[in-house]
Amino acid sequence: MAETQVPISALPPEILSQIFIDCLDPHKPAAMVSTSAPLLLTQICSPWRTIAHTTPFLWTRTHLFLAYFRPGSMDTATSENEAEIQAQEDEARLPHIKSWFSRTGPDLPLHLSISDELIFANFDSCITDYVLTLLPRIETLDLQLCRRTLPRFTEFVPNAYARLRALRIAGDGFEPSEWSFLPFDAPLFEQFSARILYCALLSLPLAWARLTRLAVSFFPNLSDRPLTTTLLEVLNQTPLLKSLRMMLSGDRIHGRHALDTYTDPVVLPDLRVLQLRYDAGSTVYRLFPLLKTPALEEVEMDAYDLQRFMFSRPKGVRKGVRKVEVATPEYRSNWVVQCLPLLSGLKHLVLHNPRRATMTGTFALNVAGHFYSVVEALAPLETGSYEYEGVEGKRVPPCPDLERLELRDDYSRGNCEEHFRQVVDLLRRSIHPDQRGDTSNDVGPGSSGISLKSLSIPKEWLSGSGRALESDFEEVTRGVQVELWSRWDDEGEGWLTRGYWRDEWYDA
């Protein structure tokens, strides 16, 4: 029987509505631009426009960029008329913004991301005034705002944060005293993230016992960075914590350590994500024996301490870890290699060359050898000196369930072709059953015993390689989802898409 093909125009509106929802980017809220959903869907035809406008969920996750100016509008601006032009531009945008949110209906919770531009931001904007009226409906709020705009969100509005569950602040104008109402006026609040924090951790006005996520990526003042003892005190107050991301003090202490007096373990039964950053040579590892994390799934820390941390976990906990991220320049390669056999359940590995490493030159010295050592450990050659399982001579890879590999390079310094060649070699051994050159389209465990399904590599690596190597890459990535990564992946998409929250460390 021949298959029946139904034109998309014949699908019921409720099916099309669900398809439209699936068009949204699950990782970030929708920008108010006509080149992506949901606005793009309204430009296809009149029926689609009607369906999109009557699908409230399409419009509830929104990224709003303040201080946007139409091309040419600021060409004649002077110090005398700049404020007037700003007000005119905001007045022109406001009807479109109101129309957007009118499609969300009266009851659905909103997820709002707001950013401004430090030079032209109009803190007294009519757009900001309108956004403040939406606060009682907001469930998650991302604020990347300058010092002039951020205080507007602490103005007293009855029940303004009654629905708020998550707050993420990326600007440098956060003053804890201005948010002291959170424990009382936001009864559902449970997730706090800050890109930059100009205060001590324990001075935050948070209902610690309710927190499920706590993240602080950078303390500009060294005296504010929490010691391991401070972190332990916080963890004792957050029994419901599911995700912890924290920059710590170097805490270089020789001899007797403050943690030596602690004997009672801190049990975090729901903690699934643990991400720590600290100065090299710190004594953070002394904290590890005190942490009980039976549900741990994701870990990020320096490789040497990652090794120590994994050795401090029971075998069942190690097997449950699904994702590991490590900064590549800060290890001798054997540290990561020795960790891999402890992570038999690993599905997602991220090797990152951060900007701070390139600024000190550490990455450029010997990264090719380090990177290749890890790749070789993931997908060993048949001639490699690795242990066998002992059953019919079958080799057991350290991470047989590995599905996704991410390679991030903030600033490539040559060696792009060498890195890219190693990736091709890994894929050839991971995907094709015969590493001697079988180019079939069958995707399954290769000679290495693993089968990658997803790969992310820096854009620069692909552009810096030869055409022959690119052809090899296309051949070995059949059936593999490939992403090209860039640190500034939203540059060039227009001003209205700037200012998205980036859940990453602040590399000053």
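Just a few scattered comments:
- Among the residues making up region 1-27, those that are polar (S, T, N, Q) and at pLDDT 80 or above are 17, 18.
- Counting only residues that are modelled with pLDDT under 95 and either among the charged types (D, E, K, R) or buried (at least 21 other Cβ atoms within 10 Å of the Cβ) (or both), region 207-220 holds 3 of them.
- If the condition is being open to solvent by 20 Å² or more (accessible area, probe 1.4 Å) and either acidic (Asp, Glu) or not in a loop (DSSP other than H, G, I, E, B) (or both), then region 42-51 contributes 43, 46, 47, 48, 49, 50, 51.
- Some residue of region 157-167 being more than 19 Å from residue 189 (Cα to Cα), open to solvent by less than 70 Å² (accessible area, probe 1.4 Å) and under 21 Å from the mean Cα position of the chain (by Cα): no
- A Cβ distance below 6 Å, combined with a sequence gap of six or more or placement on separate chains, defines the contacts here; from region 131-146, residues that are buried (at least 17 other Cβ atoms within 10 Å of the Cβ) reach residues that are basic (Lys, Arg) and in a strand (DSSP E or B) in the pairs 142/168.
- Of the residues making up region 25-41, those that are more than 18 Å from residue 66 (Cβ to Cβ) and part of a loop (DSSP other than H, G, I, E, B) are 25, 26, 27, 34, 35, 36, 37, 38.
- Selection count, region 67-107, where residues are among the aromatic types (Phe, Trp, Tyr) and either modelled with pLDDT under 90 or over 30 Å from residue 17 (Cα atoms) (or both): 2
The rows are residues; the columns are (1) free of Cβ contacts under 8 Å to residues at least 24 places away in the same chain; (2) open to solvent by 40 Å² or more (accessible area, probe 1.4 Å); (3) among the small types (Gly, Ala, Ser).
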{"residue": "24", "(1), (2), (3)": "no, no, no"}
{"residue": "28", "(1), (2), (3)": "no, yes, no"}
{"residue": "32", "(1), (2), (3)": "no, no, no"}
{"residue": "40", "(1), (2), (3)": "yes, yes, no"}
{"residue": "53", "(1), (2), (3)": "no, yes, no"}
{"residue": "62", "(1), (2), (3)": "no, no, no"}
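- Verdict on residue 172 being among the acidic types (Asp, Glu), surrounded by 15 or more Cβ atoms within 10 Å (Cβ to Cβ) and part of a strand (DSSP E or B): no
- Residue 57, sole failed condition from (1) touching a Phe, Trp or Tyr at 6+ places or on another chain (Cβ under 8 Å); (2) closer than 25 Å to residue 131 by Cβ; (3) not in a loop (DSSP other than H, G, I, E, B): (1)
- Failed criterion for residue 128 (all others in (1) within 25 Å of the chain's Cα centre (by Cα); (2) at pLDDT 90 or above hold): (1)
- Residue count, region 178-204 (criterion: over 24 Å from residue 505 (Cβ atoms), part of a loop (DSSP other than H, G, I, E, B) and open to solvent by 20 Å² or more (accessible area, probe 1.4 Å)): 4
The values are calculated or read from the model by the stated rules, or taken from the named source; none is laboratory data. Just so it is clear, the structure is predicted and the values come from calculations on it, not from any experiment. Positions of Cβ are generated from backbone atoms using ideal geometry, with glycine treated the same way; all protein chains shown enter the neighbour counts. Just the protein is used for accessible areas: all its heavy atoms, side chains included, with ligands, DNA and RNA removed. Shrake-Rupley method; radii C 1.70, N 1.55, O 1.52, S 1.80 Å.
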